[in-house]
Amino acid sequence: MPEFSVIVGPQHPALKEPESFTFWVDGEDVVRAEVRIGYAHRGIEKAAESRTYIQNILLIERICGICNVAHTICYTQNVEYLYGREIPRRAEYIRTIIEELNRIHSHLLWVGIAGHEIGFDTLLMYVWRDREVVMDLIEEMTGNRVSTALMTVGGVTRDITPELATRLRKGLDILEERTKYYEKIAAGESTILARTKGIGILTRDEAIRHCAVGPTLRASGIKSDIRADDPYAAHDEVPFDVITSDTCDLFGRVVVRVYETIESIKQVRYCLDHLPNGPIRIRLPNTPPRGESDGSDRPARYKVRAPTLGNLAGLVEMLTSKGNYKVHVADIPIILAGIDPCMCCMDRTARFIEPSRNKEWVWTWDQLKRYKRRSGR
């Protein structure tokens, strides 16, 4: 049977984000895969150059809704480094608490989506029901269920009262109980085992060669976590285990995320039990000193590198049959979901290719505006 190509995207109801994948298939086997990125360019990096350091917090938080804390911690820390000032230790503990709550939210969301992609919608409904608990805790702490608006340059905007700490602990007890239940489900439920074991293989050497990151890297047996390797916030004081799996497949990615959720619950508890006294913020001038900055009240350049970009090369490897390892068409959705992709966080610009003229280019802002006027979009 001859090979033929199957194009998925850029608009596709399963992915919900504009990316294009081309799969060459031989019957039901995927022979090779290619990914075409660059469909979404929101201009956040450029927009940051025209806003002040404080105004940019709102913008950076919207790079990704689910991962908003990770982006705002990175941003506020970078700005604080410009001033050469350390923020209060209490603020660093609060940052760690909200970051780990955000990680719990993200991982539970992913486990539910993984269940949906393999046709196990009961798992989706159970996990997303329990995910409401962590969203309620985030709302208790910040006033918002998803976007937290907690980070600011110099610390955090809200403190944790003893009453709030008590409510957080109660919610963590519920989350731990339910996550341990999903731990058993992940390890023994026949549907999950059938659809994840031996699927989406990324060996240890391939993960290193393709510079995989996050749970995708750790599920290939590599003990690497930025919180342990280069601690920030309060991670230098808060103990936790770096979770890995040596299965190098989708099953390992499920296991890593479930066990990481348990570790995040433990970290939040530790932070609540050891929360230092003191202020939650220091006041800083509007303009940082010259050096790494140009001395103005806004960044000359801010670069964002989302983790999805680091996992795309490994994703192509997972989607390609080789030797005894076969990828079937039915495995494509869950393998794609396995890296927990966020394409709109990753994309930065669009590159245009015209093979007949052997020409490649990136549209300027004026060209984009002219296109918009012509198309009426």
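Rule-based calculations on the coordinates, nothing more; no lab input. Quick caveat: nothing in here was measured; it's all calculated off a predicted structure. When we count neighbours, we look across all protein chains shown, and the Cβ atoms used for this are built from the backbone with ideal geometry, even at glycine.
In table form, for the structure just shown:
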item	result
Pairwise centroid distance, computed over Cα atoms, of the stretch 127-179 with the stretch 298-331, Å	31 Å
Zero-based 5 Å bins, Cα pair distances in the stretch 92-132, whole percents	6, 26, 24, 16, 12, 8, 6, 2, 0
Gln77 versus Glu132: modelled label distance in nm, points set 7 Å from Cα along the beta carbon direction	3.4 nm
Extension reserve of the Val146-Asp205 stretch, reckoned as 0.36 nm per residue once the Cα distance is removed	17.6 nm
Inter-label distance, nm, simple model (7 Å from Cα along the C-beta direction), Glu183/Tyr325	2.9 nm
Three-way shape call for the chain based on the alpha-carbon gyration tensor, with the a/c threshold at 1.5	oblate
Principal semi-axes in Å for the stretch 62-141 [√(5λ), Cα gyration tensor, largest first]	32, 14, 8
Largest-first ellipsoid semi-axes for the stretch 106-216, taking √(5λ) over the Cα gyration tensor eigenvalues, angstrom	32, 21, 12
Computed Kirkwood radius, in angstrom, where 1/r is averaged over Cα pairs of the stretch 207-347	18.2 Å
Cα-centred dipole magnitude for the chain, charges only on beta-carbon of K, R (+1) and D, E (-1), debye, nearest 20	1440 debye
Sequence ranges 221-234, 114-127, 59-72, ranked by mean other-Cβ count within 10 angstrom, highest first	59-72, 114-127, 221-234
Under 5 Å, built H, 5+ apart or other chain: amide partners of Asp26	Val31
Most to least packed among 166-174, 313-321 [average Cβ atoms within 10 Å]	313-321, 166-174
Scaled radius of gyration (Cα, divided by 2.2 N^0.38 Å) that the stretch 187-258 gives	1.20
Normalised contact order of the stretch 1-125, rounded percent, pairs of Cα under 8 Å and 6 or more residues apart	12 percent
Burial order of peptide ranges 265-273, 98-106, 140-148 (average beta-carbon count within 10 Å, highest first)	98-106, 265-273, 140-148
Cysteines not pairable in the chain (beta carbon separation under 4.7 Å absent)	Cys74, Cys211, Cys248, Cys271, Cys344
Approximate spin-label separation Ser190-Asn286, in nm, with each point projected 7 Å along Cα-to-Cβ	6.8 nm
Positive-end residue of Ala114, Met135, Leu150, charge dipole of the stretch 42-345 with Cβ unit charges	Leu150
Rg(Cα)/(2.2 N^0.38 Å) for the stretch 28-86, N = residue count	1.62
Amide H partners (placed H, <5 Å) of Ser20, local residues excluded	Arg36
Relative contact order %, the chain, counting alpha carbon pairs below 8 Å whose residues are six or more apart	25 percent
Dipole of the chain, positive end: most advanced residue of Asn78, Tyr53, Leu124 [Cβ charges, Cα centre]	Tyr53
Gyration tensor (alpha-carbon) shape descriptor, the stretch 1-153, a/c threshold 1.5	oblate
